[in-house]
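All remarks here apply to the structure that follows.
The values are calculated or read from the model by the stated rules, or taken from the named source; none is laboratory data. What you see is a predicted model; the values in this text were computed from it and never measured. As a convention, Cβ positions derive from the backbone with ideal geometry for all residues, glycine included, and neighbour counts pool all protein chains shown. Just so you know, the surface numbers come from the protein's heavy atoms only, side chains and all, with ligands and any DNA or RNA stripped out. Shrake-Rupley method; radii C 1.70, N 1.55, O 1.52, S 1.80 Å.
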Amino acid sequence: RPYGKAGSLAVSLAAFDAYFAPGGPAWDFERQALIRLRPIYGDPALGATLVAHRDAYVYTGQFDAAAMRAMRERQLRHLVKAGTINLKYSPGGLADIEYLVQALQMRHGHTNPSLRLTNTREAMAALSQAGVLDPDDYARLRLAHIFVRRMINALRMVRGNAKDVTMPSVDSEDFAFLARRLDYGAA
């Protein structure tokens with residue numbers, strides 16, 4: 001939502017446009033986050049209008065890799081405790097996979113509307129079919145995404161919440177429980 005916690009929970013279409021349109025105050029990573037925007041309920045015409053506006057603001061063919069790297073560096077500094085592995089934010093985690101796919105969508109989605117997908121795995125497949133991702137790279141990226149999502153889902157069961165996605169230490173009971181949930185090791 002525009003202006004994050006400082007803004008209203010719901011905004012008018014004019015306010016949405018003023019914030020996200022070129023020249024508006026939205027940061028590049030906020031426009032990138034719009035890739036996941038999808039109507040789930042309400043007036044279908046308004047949903048279609050929002051999607052059209054999203055596409056105009058996100059799929060421009062421009063992508064600021066330096067801004068994304070700066071965002072990832074901030075995430076690493078603020079969201080990953082030193083000496084730990086956070087399955088979402090540590091290097092090679094879920095954020096890196098999703099950001100790579102979104103960067104490719106932003107770069108190529110302006111000329112190929114079939115890449116304008118909200119689901120990461122579907123977007124990977126579309127990028128491969130469009131020749132943007134090499135088939136071998138697509139296969140590795142897809143397997144990495146499946147593995148990381150599976151680890152995160154299992155860890156959420158171990159912890160009983162969706163907040164802490166930091167790997168437990170190898171000598172902990174949580175690690176043993178996680179290994180069992182993933183069918184690794186003895187039962």
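Structure summary
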| item | result |
| --- | --- |
| Degrees separating the helix 120-129 axis from the principal Cα axis of the chain, which is the longest one | 70 |
| Tilt relative to the chain, helix 135-159 - C-alpha long axis, 0 to 90 degrees, to 10 | 70 |
| Average accessible area per residue (Å²) across the range 1-151 - probe 1.4 Å, nucleic acids and ligands excluded | 58 |
| Rounded percent of accessible protein surface that carbon and sulfur make up, the range 40-187, 1.4 Å probe | 56 |
| For the range 114-186: relative contact order, % (alpha-carbon pairs under 8 angstrom, 6 or more apart) | 18 |
| Matching label, Cα Rg over 2.2 N^0.38 Å computed from the structure shown, candidates (1) 1.05; (2) 1.16; (3) 1.35 | (2) |
| Phi-based couplings in Hz for the range 40-46 (Karplus 6.51, -1.76, 1.60; Gly and Pro marked x) | 10, 6, x, 5, x, 5, 5 |
| Burial order of peptide ranges 137-147, 89-99, 162-172 (average beta-carbon count within 10 Å, highest first) | 89-99, 137-147, 162-172 |
| Whole-Hz couplings from phi, Karplus 6.51/-1.76/1.60, listed for the range 66-71; x for Gly and Pro | 5, 5, 5, 4, 5, 5 |
| Neighbour cut-off at most 14 other Cβ (10 Å), DSSP loop, chymotrypsin sites (Phe, Trp or Tyr not before Pro), the range 14-71 | TRP27, TYR41 |
| Listed residues ASN153, ASN119, ASN161, most fluctuating in the chain (Gaussian network, C-alpha, under 10 Å) | ASN161 |
| Mean projected area (nm²) of the alpha-carbon convex hull when the range 3-111 is viewed from all directions | 8.0 |
| Rounded to 10°, Cα long-axis angle of helix 94-108 versus longest principal axis of the chain | 30 |
| Lysines with Cα under 21 Å of LYS5, excluding same-chain neighbours fewer than 8 positions away | LYS163 |
